[in-house]
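Written out below as structure tokens is the structure these notes cover.
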Amino acid sequence: MLRARIVAAMLGIVAALAVAGCSETELVVNSSKLLTKPNQASGPPAYKIGQPYQVQNVWYYPKVDYGYDETGIASWYGPDFNGKPTASGEIYDQNGLTAAHKTLPLPTIVQVTNLENGRSLKLRINDRGPFVNGRIIDVSRRAAQLLGFHQNGTARVRVQVLADESMALASALTGGSGVPADQAQPVAPSAAPTMAVTQQQLPAGGSAAAASTGTAPATSTGNTAVTSATTRAVAAAEPDGRVTQTAVKPTRIFIQAGAFTQLANAQKLTAELSRLGAATMTPVTLGNQQFYRVRLGPIASVSEADRLLDKLVQSGHTEARIVVD
């Protein structure tokens, strides 16, 4: 009987320790989530454009483009990248309202509209990608949920740069200079001024007496004010997660293989693409310039468009892309 009581008591102690252990483990996990929360006390991001770069034999040329307005296929990225650094230097938060783009400045504010359901949302570009043929933007998991394509994985979208908000953000992050952090040129220091030096006996009594005769150190009040103003500007530009609804119109998927100023070149490519499907050549005017646009399609699905695009890229048409009209 005594042994049974001892065993019962020991089991009770073990159970209590187990409960305590679970509670402690849960506390550690929650604390870890708090400690690794992206952007915690990190201050405002830097404004970057970036140099040309190459991924999988394709060159990309980052640039400022306040008139950017493109249609195509969006995808999303999440757990595998969560908590890892982005191209902007921020830590990726899959629950944030951010996105990755191959060439737009970091950061840029864009409006992304799901053309399949009409949902539209502001996002902040803070990363590079997606480096998959046929994708024009990679949004965060939360953005995909709000835009309604988290389950499908992809969606037909329109991406538009919000010029006023993006310019204001760039100005705030560069102190009004507009010069990106990755392209700023160092300023050569001017020569130190020369002057006569006289000898003077320092008073005795240690550092306190010496300090009383010196100049008061400069304060960082000015820098603090600038940083605070920048932080407020960045916060004001941060997407608020508000989803708006636009009218849904029928869309079709095409592969745009090229646009030429010479009719003969466009005709040659159209004939080449005809073996893959319906290829069309359409004259278009951009500004005062006449182009001949060559497209393949319409294409029934994103997967079929991906397959055809891969064929075109592998055959040397690296500028080909998926568009949605």
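Each value in this text was obtained by applying a stated rule to the coordinates, not by laboratory testing. Note that the structure is a prediction, hence the values are computed from the model and not measured. Cβ atoms come from the backbone with ideal geometry, glycine included; neighbour counts cover every protein chain shown.
Points worth noting:
- Its residues counted as N, the stretch 101-142 yields a C-alpha radius of gyration over 2.2 N^0.38 Å of 1.16.
- Tail weight of P(r) past 17 Å, computed on alpha-carbon pairs of the stretch 257-325, percent: 40 percent
- Greater than 24 Å apart at Cα, pairs in LYS63/LYS122; LYS249/LYS311; LYS102/LYS311: LYS249/LYS311
- FRET efficiency for GLN145 and THR318, using Cβ-Cβ distance with R0 set to 45 Å, rounded to 0.05: 0.85
- Calculated FRET efficiency for the pair VAL58/GLN267, C-beta based, R₀ 41 Å, to 0.05: 0.95
- Hz values of 3J(HN,Hα) by residue in the stretch 68-81 - Karplus curve (6.51, -1.76, 1.60), Gly and Pro given as x: 4, 8, 10, 10, x, 10, 9, 10, 9, 9, x, x, 5, 10
- FRET efficiency for GLU238 and PHE131, using Cβ-Cβ distance with R0 set to 35 Å, rounded to 0.05: 0.85
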